[in-house]
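Step one of this worksheet: look at the structure below.
The values are calculated or read from the model by the stated rules, or taken from the named source; none is laboratory data. It should be emphasised that the depicted structure is a prediction, and the values quoted were computed from it without experimental measurement. Here the Cβ is made from the backbone with ideal geometry for all residues, glycine too, and neighbour counts use every protein chain on show. Accessible surface areas use protein heavy atoms only, side chains included; no ligands, DNA or RNA. Shrake-Rupley method; radii C 1.70, N 1.55, O 1.52, S 1.80 Å.
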Amino acid sequence: MITLGIESTAHTLSIGVTRDGRVLSNAIDMYRAPKGKGMIPRELADHHAAVFAGVFRKALGDAEAGMDDVDLIAFSQGPGIGSALAVGCGAAKYLAEKYGKKLIGVNHCYAHVKISEHLAGMRNPLILYLSGGNSQIIIQRNGLYHVLGETLDIGIGNLFDNFARSIGMKHAHGSELERLAHGGKYVELPYSVKGMNLVFSGLLTHAEKVAKKESKKDVAYSLMETAFAMTCEATERALFLTRKKSLVICGGVAQNRRLQKMLETMCKEDKIKFGVAPDEFNRDNGAMIAYAGEVMYKKRKPAMKTEEWAPLPNQRIDRI
Ligand code: FE2
């Protein structure tokens, strides 16, 4: 079975192709926000629409496939930014109609979870999902996903992006902040874990204040260390409570090597198996949407007609 997956929840427009669970291609084009600003929804939609044809051609070209070979089209339905989701959903519906293909909407978080479990070779682990807008500790039980703990305010990725923007970084992104933080010294910042839930906004406000007096490198380092330590504590508590013997992390922030190291050390001490997919599949990507679409389709064929599918910007993993 060949599936074409379209990802467009936020800054990334990506299209990937899978054949029976194997990734054949994963073409990506990313929107960059203007300096000092966050993503502008209208610009996002314009970007995704402008690059769509090129990314689509590359995805099919790299997969050495044509639309005749495709059996299923999958698109990311939510959660995400409405204007960006609408481009992916609209294009998916158009392609499904034009080429007479089956269509399926996929929850973006579910796609991160499924591709990471698959590539890490783990079945039903505890899941730590960390991205710009999300920070969740998740388990799957009886076919449903349950969020055991999550951020009570902003996502961990947004914490890093917002801090990077406030100190005037050109590309206000977690990966750039990680480079700045390298080799920094620890300065004390507030630490806030509530059971298995996390609170980041107080940490952000305090770090922004301290960065006006102290070295930006030291504060960046301390901000990341504190946020990761909080995440490890909440995750370890969830591991003990659920008695899970494996942990998989996924989402954009899962690429962070320092976080990976901290969780790996914790898992080793607790005799827990630790897994993380290659970076390409922790970024937002179309291949994970194709993969998850195929998994869903094989479990239960959707009863919805092509024209009935619509974006769901607030769709949580525990509501699917
Ligand atoms: Fe994502």
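What share of the DSSP beta bridges in the chain is antiparallel, in percent to the nearest 5? Provide the component values of the computation, followed by the final result.
Numbers: 26 of 45 bridges.
Taking every DSSP beta bridge within the chain, about 60 percent pair in antiparallel fashion.
Summing Lys, Arg as +1 and Asp, Glu as -1, what charge do residues with Cβ under 12 Å from the Cβ of Ala181 carry, Ala181 excluded? Mind showing how you got there, number by number?
Details: positive: Arg179, Lys185, Lys216, Lys217, Arg257, Arg258; negative: Glu176, Glu178, Asp218, Glu225.
Its environment carries a net charge of +2.
Please report the accessible area of Lys299 (heavy atoms, 1.4 Å probe, ligands and nucleic acids excluded) in Å², nearest 10.
Its heavy atoms expose roughly 150 Å² to the probe.
Of all accessible surface on the chain at a 1.4 Å probe, what whole percent is carbon and sulfur? Let's see the in-between values first.
Numbers: 7350 of 14510 Å².
Summing carbon and sulfur atoms, their accessible area is 51 percent of the total for the chain.
Between the helical axis of 156-166 and the dominant principal axis of the chain, each derived from Cα atoms, what acute angle in degrees is found, rounded to the nearest 10?
70
Over the C-alpha atoms of the chain, what are the Rg and the largest Cα-to-Cα span, Dmax, in Å?
Cα-based Rg and Dmax for the chain come out at 19.6, 61 Å.
When only C-alpha pairs under 8 Å and at least 6 residues apart count, what is the relative contact order of the chain, in percent?
On the way: 687 pairs, mean separation 86.2, N = 320.
Over the chain, the number comes to 27 percent.
Would you mind getting me the FRET efficiency between Lys299 and Thr265? Use the beta-carbon distance for r and R0 = 45 Å, nearest 0.05. Working shown, then result.
Values: r = 36 Å, r/R0 = 0.80.
Approximately 0.80, to the nearest 0.05.
Can you work out the FRET efficiency for the pair Asp69 and Ile320, with r the C-beta to C-beta distance and R0 = 22 Å, to the nearest 0.05?
Working: r = 28 Å, r/R0 = 1.29.
So the FRET efficiency works out to roughly 0.20.
Need the full-extension length gain, Ser192 to Lys217, defined as separation in residues times 0.36 nm minus the C-alpha distance. One decimal, nm.
On the way: separation 25, 0.36 × 25 = 9.00 nm, distance 2.19 nm.
Length difference between fully extended and current span is 6.8 nm.
Ordered by packing density, taken as the mean number of other Cβ atoms within 10 Å over each peptide's residues, highest first, how do 159-166, 116-123 rank? Let's see the in-between values first.
On the way: 159-166: 22.6, 116-123: 17.8.
Highest-to-lowest ranking by the protection proxy: 159-166, 116-123.
With Cβ to Cβ distances under 12 Å as the rule, what net charge do the other residues near Leu103 carry (K, R +1; D, E -1)?
Neighbour charge sum, excluding Leu103 itself: +2.
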